Structure formats: structure tokens, C-alpha cells
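Enquirer: Once you've had a glance at the structure underneath, I'll fire off some questions.
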Amino acid sequence: RVTYALQGTRLVRSFSAMPDGGLRQDAALLNGIQATTLRFRDQDGNWRSDWSAEDEKALPRAVEMVITPAAGAPLRLLFLVGAGPA
């Protein structure tokens, strides 16, 4: 299991080898972060600022994270999401 969190001005990646938890390892990926934003791409290809699907098993097609540093240009990351259960 992998999570990303903005802790103060640091972007931190946390990793657990088991999906239900266990020993967690943290790593600071970036320092000096001003803001982060997330968007979610739905089944129709539209970008949304929240993911509250009517079907609890529905997953977004992709997740976009934009990291805005205190100095420099924003960094745009795209993550493809698996299709999930049929």
C-alpha cells in the first residue's frame, strides 16, 4: 500500500508491504511544496475535483496530481488506475 501526503511543506510517500498495514516506511520526496491538487478522470473522460461515485466499486480511470513548489514550475503527475471489478 502506498500513500502520498503533504506534511507541512514536504511531500511524503508512505509504503506498507501488506495492504492491511504492517511496518510503514516514510520517505520525503520533495521539500518546499506550496500546494498540491488532485483531479479524477471519470468513465466519460471528464476531469472532476472529487471522487464520490454512485457505485461504491467504481474507480476513476486516472488521477492527476499537480505539485506547486514555492519556487519553480508546477509538476504534473498522471496515474492510470486499473479497471477494477467488472
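Enquirer: Testing Arg48 on (1) out of contact with any Asp or Glu (no Cβ under 8 Å at 6 or more places or on another chain); (2) at pLDDT 90 or above, one condition comes back false. Which one is that?
Expert: Of everything listed in (1) out of contact with any Asp or Glu (no Cβ under 8 Å at 6 or more places or on another chain); (2) at pLDDT 90 or above, Arg48 misses just condition (1).
Enquirer: Can I ask one more? Quick check on Ala62: is it more than 14 Å from the chain's Cα centre (by Cα) and either surrounded by 10 or more Cβ atoms within 10 Å (Cβ to Cβ) or within 26 Å of Val12 (Cβ to Cβ) (or both)?
Expert: no
Enquirer: Follow-up question, since we're still on this one. So, Gly82, is that one out of contact with any strand residue (DSSP E or B) (no Cβ under 6 Å at 6 or more places or on another chain), modelled with pLDDT under 90, small (Gly, Ala, Ser) and loosely packed, with under 10 Cβ neighbours inside 10 Å or not?
Expert: Here the answer is yes, as Gly82 does meet what is asked.
Enquirer: Based on what the data block shows, is Arg1 modelled with pLDDT under 90 and open to solvent by 80 Å² or more (accessible area, probe 1.4 Å)?
Expert: yes
The values are calculated or read from the model by the stated rules, or taken from the named source; none is laboratory data. Source: prediction; values computed, not measured. FYI the Cβ positions are ideal-geometry reconstructions off the backbone, even for glycines, and counts take in every protein chain you see. With ligands, DNA and RNA removed, areas are computed over all heavy atoms of the protein, side chains included. Shrake-Rupley method; radii C 1.70, N 1.55, O 1.52, S 1.80 Å.
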